[in-house]
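Input: a single structure, listed below in structure tokens.
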Amino acid sequence: MPVSVLAMSMSLDGYIAGPNDEPGNPGGDGFIRLHEWGLTSEGEFRTSGPAGEVLGEIAATGAVVTGRRTAEQVGHWGGDHNGQGVPIFVPSHRPPAPPVADYPLVTYVNDGIESTMAQAKKAAGDRNVHVIGAYTARRALEAGVLDELLIHQVPVLFGGGRRLFDVLPSRIELEIIRVIDTPEATHLRYRVLR
């Protein structure tokens, strides 16, 4: 059975995006600093070492669930999330913009996060669902449909921007599954306890 996994890079003070995170500046000022752990000096994704292992797990997912804001800021990844060729599900109460019709892998779901996640898990088959976006993650946690968190804790303090867990409806207990510590980031994998 597929597992839904939020995978996000985060500063030590809890930010997943820097200040001035807006359509013309996706991720805000300094955003790339949060992702340097997974990039080579040439700007390519790492394929070896601990970073390559973690990125390989993410790339092996069978579907993506992402928030509308994230999807629109990145142009729906051109209809194919990082060339993975997997379905992309976007929970939203509004219909998509016309260009989305050109992306057959992108589906907007208008009946809530529970339905979005169920459709993504069905489409993923026996692979995991990659969850992206702070708001979407909070909604999925609140609804009890987020199974795991993979946090790439980067040793930097942003001091401002967009926080991952700014407001939660209640306390949520987690179980540590794995910790991979590197000089660039500590990769923390948690199971959501229900």
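No lab work stands behind these numbers, since they all come straight from the coordinates. Every value quoted in this text rests on a predicted model; they were computed, and no experiment measured them. When we count neighbours, we look across all protein chains shown, and the Cβ atoms used for this are built from the backbone with ideal geometry, even at glycine.
Things to note:
- P(r) tail fraction, the stretch 4-118 - alpha-carbon pairs more than 21 Å apart, %: 45 percent
- For the stretch 4-192: relative contact order, % (alpha-carbon pairs under 8 angstrom, 6 or more apart): 31 percent
- Contour excess over end-to-end distance, with Cα ends at Ile180 and Glu142 and 0.36 nm allotted per residue: 11.0 nm
- Highest-MSF residue in the chain out of Ala118, Ala140, Ala51 [GNM, Cα springs under 10 Å]: Ala118
- Residue-span extension gain [Ala101 to Asp126] - 0.36 nm each, minus C-alpha spacing: 6.3 nm
- Potential extension, Phe45-Ala59 segment - 0.36 nm per residue separation minus Cα distance: 4.0 nm
- Estimated distance in nm for a label pair at Arg194 and Leu157, the labels positioned 7 Å out from Cα along Cα-to-Cβ: 3.8 nm
- Shape category assigned to the chain from the gyration tensor of Cα positions, a/c cut at 1.5: rounded
- Put simply, the amide H of Val109, placed in the peptide plane, has neighbours under 5 Å in Val90, Ser92, leaving out anything fewer than 5 places away on its chain.
- Label-point separation in nm, Phe165 to Met1, each point 7 Å along Cα→Cβ: 2.3 nm
- Restricting the stretch 1-59 to GluC sites (Glu not before Pro) that sit in a DSSP loop and have at most 10 other Cβ atoms within 10 Å of their own Cβ leaves Glu42, Glu44.
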